[in-house]
Amino acid sequence: MSDISRDLAKILAFSNAIASATDKYVLGAIIGEQLNDLFGIYEYCIYINSRDGRWSWPYIFDVDTQIARQPEFQSWIDAPNDLNDDLHRYVKSAQDVILLDLEGYLSLPGTAQYRQMLESIGVKGWGCHTIRLADEQVAFLTFHHTQIEEMKPRLGLFKSICSQLGITASNLLSRDELEQREREKTILLSLSTEIASLKIRDDLFQVVNAKIKDIFSVTQFGIVKVDEDGKTHSAFMMDLGLSKSYQAEYERIAALKYSIHDSVFQKIIDAQETVVINVEEVSAEPNCSEYVGFWKRAGFVSLVCFPLRMGDETIGAILMNRGKKPFKSSETHLLKGICAQLSVAVSNILANEKVMRQLAEINQYKQQLEDEKVYLQEEIKTASNTTDFIGASPEVKKVMRLVGTVGPTDSTVLLLGETGTGKELVARAIHNNSSRKNKLMVKINCAALPPTMIESELFGHERGSFTGAHERRIGKFELAHGGTLFLDEVGEMPLDMQAKLLRVLQEKEIERLGGKTTIKVDVRIIAATNRDLEKEMAEGRFRSDLFYRLNIFPIHLPPLRTRQEDIPMLVNYFIGKFAKKTGMKVEGATNNVMLEMKRYSWPGNVRELEHLIERSVLLESGPIIKQIHLPTPKTAINGDGEPIFRLVTIEENERQHIFDTLNYCSGRITGVGGAAEILGLPASTLHSKMKKLGIRRTHVK
């Protein structure tokens, strides 16, 4: 039989042998046995090249060999080979089979590291041959042999066998790819089912975190999104598995926004395939963002990235860290499918979050409108019960001139005066003369609220911020945004609350109780008090810095006793008001009534006058008030409201005089120097008076 016939028979026998293989591992053993019988080859590996010509992977080999039992073997077959390194460029450039002894092989780039292993298993030589289908390099075969010279005469048969191996490997790879496609479909269908109905990030994170790590063997991953402005990108969800020492820095970095034109993100969104980001390289680029430096400090070497797109629009990117292990083409194909689904899920969640924000804003506006409705109803009610500051006296004219001056400005106003002088009326007049008149004037009585509730009333609170806070509530500052806040009885405010109020007035921002963010407010402040704030400051009950912040434009409201000429106008106004309200046909008051009211000191000022007229209208049966029931004053006061002396009855005066005399005499009534002698009364008479006035010796000190 000729050599050609024998070679053909061997090729046919080789084909029949490998055709009986049931899987890749059985095939690997059969090929190893055949190569050993035919050529003395005892260790071999067929590497498959990636479609893009960048990488190759160990694909077919015999697991029952010495090299397969080496500790390094598993990591060796898992690691892809760079087809562009020096060794593989040398292999690809060879036109024929490469046959080298061991020293020749170890002289090639990157092989010296294998010397100890190869010598330990008795390798004598190394060979390699590129496998082609048509003109395409699809794989290459490497092998170990014992004698170069023995193999050289049989290179023709070896090349034919290699061609057969190329066809076999290609067919097997095609079958694997079909199986891989089926697995991908199963994975994508499972993932699609799980994320289809997800509406919040946390739910998506739980699914993606488990799937991505399992499918692609990654240790960390993250998704970034393009922000609504289309100019920046920021973190969407991350699982970086960082130590506590990096957590605080990560939270700061993740909270920031970055330009979509930074060097890293631009590379990702411009790519059609996976992009490997070398952290060391990009950190040296001039326009890299702050997060790249954080990656470097956290120990990341390289990240595999892929853009997330909806149609032609880039909505974000996924970043994965799995060390130096690159993606195979099959993994890239699966990643594309997963990213298509993630794009839909991320887009839906962002849209849902936007809707939820809008609903929250709508609910906030709704709540604000409801609160404003309450205040507007109160304002309408107040407006129906009040009018302008009534009077024509010089004191009233002075106040109204000041109101006209300060009203159009945004200056803070402090209204000072006794209770009942009409401070709220003046505050409303200032508001109505300002550019804020179409907004609310919100009022709060600082003396009417317990100290624990003032902060909540002023600044609002979040749900659950304290016991009883069952829902979020906006405070008076938010409600008055764009308008005026009237702080009545500000002198009654506790010291700790004064400090918080001062901060708000200075910084023009508030923070709800239980809230985490500050809220900008634009509010004009009008404060009022019946206290002497300078005296309160001196005694430590009012902060001086708050006083000077409020006392920008003080207006002193005159008491009614200093503008008696206004009393007839006020009386006629209140008679008309209450006659209409009660249905009584009262039209005026007599001159004597008017004279009595002018003589009265009016410690309660206009409010006291209003209530007295209401009572008189109810008691009067005719059209004219003929009698006024003025209260009897117990203390005489001067024009400035200061007490002069206390007015008492004769009986009260007599009792106090006897009591003081008894104290002087140490309780002794009779005898020389006794109380009876000093008072010029018989002792029996003094005893009678003491009994009548209820004075006992036990009362005497």
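Please indicate, with yes or no, whether at least one residue in the stretch 507-523 is assigned by TED's automatic domain parsing to the domain that holds LYS397 and in a helix (DSSP H, G or I).
Restricting attention to the stretch 507-523, the residues satisfying the condition of being assigned by TED's automatic domain parsing to the domain that holds LYS397 are 507-523.
The next check asks that each one be in a helix (DSSP H, G or I); those that pass are 507.
Yes.
Is it fair to say SER302 is small (Gly, Ala, Ser), surrounded by 14 or more Cβ atoms within 10 Å (Cβ to Cβ), farther than 19 Å from GLN220 by Cβ and modelled with pLDDT under 85?
Numbers: small (Gly, Ala, Ser): yes; surrounded by 14 or more Cβ atoms within 10 Å (Cβ to Cβ): yes; farther than 19 Å from GLN220 by Cβ: no; modelled with pLDDT under 85: yes.
Taking the combined requirement at face value, the residue does not satisfy it.
Do we have any residue at all in the stretch 212-222 that's modelled with pLDDT of 75 or more and under 24 Å from the mean Cα position of the chain (by Cα)? Spell out the reasoning first.
Filtering the stretch 212-222 for residues modelled with pLDDT of 75 or more gives 212-222.
This time we only want the ones that are under 24 Å from the mean Cα position of the chain (by Cα), so: 221-222.
The answer is yes; a qualifying residue exists.
Can you tell me how many residues in the stretch 387-408 are surrounded by 15 or more Cβ atoms within 10 Å (Cβ to Cβ), in a loop (DSSP other than H, G, I, E, B) and either aliphatic (A, V, I, L, M) or touching a residue at least 60 places away in the same chain (Cβ under 8 Å) (or both)?
3
Starting from the stretch 659-679, take each residue that is surrounded by fewer than 16 Cβ atoms within 10 Å (Cβ to Cβ) and list its partners that are hydroxyl-bearing (Ser, Thr, Tyr) and assigned to a helix (DSSP H, G or I), counting only C-beta distances under 9 angstrom and pairs at least six apart or across chains.
Every condition considered, the pairs that remain are ILE678/THR661; ILE678/TYR664.
Among the residues of the stretch 153-162, are any under 60 Å from the mean Cα position of the chain (by Cα) and part of a helix (DSSP H, G or I)? Can you show your working first?
Keep residues of the stretch 153-162 that are under 60 Å from the mean Cα position of the chain (by Cα), which gives none.
Looking through the stretch 153-162, none of the residues is under 60 Å from the mean Cα position of the chain (by Cα) and part of a helix (DSSP H, G or I).
Do you know which residues across the stretch 95-105 are within 15 Å of ILE148 (Cβ to Cβ) and either hydroxyl-bearing (Ser, Thr, Tyr) or free of Cβ contacts under 8 Å to residues at least 60 places away in the same chain (or both)? Spell out how you get there, then give the answer.
We begin by selecting, within the stretch 95-105, every residue within 15 Å of ILE148 (Cβ to Cβ); these are 96-105.
Selection gives ASP96, ILE98, LEU99, LEU100, ASP101, LEU102, GLU103, GLY104, TYR105.
Among the residues of the stretch 452-500, count how many are part of a helix (DSSP H, G or I), out of contact with any Asp or Glu (no Cβ under 8 Å at 6 or more places or on another chain) and surrounded by 15 or more Cβ atoms within 10 Å (Cβ to Cβ). Steps first, please.
Start the filter on the stretch 452-500 by keeping residues that are part of a helix (DSSP H, G or I), which leaves 452-459, 476-479, 490-492, 495-500.
The next check asks that each one be out of contact with any Asp or Glu (no Cβ under 8 Å at 6 or more places or on another chain); those that pass are 452-458, 477-478, 490, 492, 495-496, 498-499.
Subset that is surrounded by 15 or more Cβ atoms within 10 Å (Cβ to Cβ): 454-458, 477-478, 490, 492, 498.
Of the residues in the stretch 452-500, 10 are part of a helix (DSSP H, G or I), out of contact with any Asp or Glu (no Cβ under 8 Å at 6 or more places or on another chain) and surrounded by 15 or more Cβ atoms within 10 Å (Cβ to Cβ).
Conditions (1) in the same structural domain as GLN70 (by TED's automatic domain parsing); (2) touching a helix residue (DSSP H, G or I) at 6+ places or on another chain (Cβ under 7 Å); (3) over 22 Å from ILE60 (Cα atoms), marked per residue:
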residue: VAL91; (1), (2), (3): yes, no, no
residue: SER107; (1), (2), (3): yes, no, yes
residue: TYR114; (1), (2), (3): yes, no, no
residue: HIS145; (1), (2), (3): yes, yes, no
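Could you list, in sequence order, all residues of the stretch 158-192 that are without any contact (Cβ under 8 Å) to a residue 60 or more places away in the chain, outside the structural domain of ASP37 (by TED's automatic domain parsing) and β-branched (Val, Ile, Thr)?
Answer for the stretch 158-192, where residues must be without any contact (Cβ under 8 Å) to a residue 60 or more places away in the chain, outside the structural domain of ASP37 (by TED's automatic domain parsing) and β-branched (Val, Ile, Thr): just THR186.
Only one of GLY583, GLY576, GLY588 is in contact with a strand residue (DSSP E or B) (Cβ under 6 Å, 6 or more places away or on another chain) and either at pLDDT below 85 or surrounded by fewer than 18 Cβ atoms within 10 Å (Cβ to Cβ) (or both); which?
Working: GLY583 fails: in contact with a strand residue (DSSP E or B) (Cβ under 6 Å, 6 or more places away or on another chain); GLY576 fails: in contact with a strand residue (DSSP E or B) (Cβ under 6 Å, 6 or more places away or on another chain).
Testing whether each residue is in contact with a strand residue (DSSP E or B) (Cβ under 6 Å, 6 or more places away or on another chain) and either at pLDDT below 85 or surrounded by fewer than 18 Cβ atoms within 10 Å (Cβ to Cβ) (or both) leaves just GLY588.
Within the stretch 619-632, does at least one residue satisfy the condition of being at pLDDT 85 or above, over 28 Å from LEU693 (Cα atoms), part of a helix (DSSP H, G or I) and more than 57 Å from the chain's Cα centre (by Cα)?
Looking for residues that are at pLDDT 85 or above, over 28 Å from LEU693 (Cα atoms), part of a helix (DSSP H, G or I) and more than 57 Å from the chain's Cα centre (by Cα), one finds at least one in the stretch 619-632, hence yes.
Kindly indicate which of LEU204, LEU118, LEU155 is modelled with pLDDT of 80 or more, out of contact with any Cys (no Cβ under 7 Å at 6 or more places or on another chain), not assigned by TED's automatic domain parsing to the domain that holds SER93 and not acidic (Asp, Glu).
Details: LEU118 fails: not assigned by TED's automatic domain parsing to the domain that holds SER93; LEU155 fails: not assigned by TED's automatic domain parsing to the domain that holds SER93.
It is LEU204.
Filter the stretch 422-439 down to residues that are assigned to a helix (DSSP H, G or I) and more than 39 Å from the chain's Cα centre (by Cα), then give me how many there are. Steps first, please.
Residues of the stretch 422-439 assigned to a helix (DSSP H, G or I): 423-432.
Right, trim to more than 39 Å from the chain's Cα centre (by Cα) and you get 423, 425-426, 429.
Result for the stretch 422-439: 4.
For every residue, the table says whether it meets (1) in contact with a Ser or Thr (Cβ under 8 Å, 6 or more places away or on another chain); (2) under 22 Å from HIS333 (Cβ atoms); (3) of a type in the set (Val, Ile, Thr); (4) assigned to a loop (DSSP other than H, G, I, E, B).
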| site | (1), (2), (3), (4) |
| --- | --- |
| GLY28 | no, no, no, no |
| GLN34 | no, no, no, no |
| ASP37 | no, no, no, no |
| ARG51 | yes, yes, no, yes |
| SER56 | yes, yes, no, no |
| ALA68 | no, no, no, no |
| LYS92 | yes, no, no, no |
| LEU100 | no, no, no, no |
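The values are calculated or read from the model by the stated rules, or taken from the named source; none is laboratory data. All values derive from a computational prediction rather than experimental measurement. Don't worry about glycine lacking a Cβ; one is built from the backbone with ideal geometry, like all the others, and counts go over all protein chains shown.
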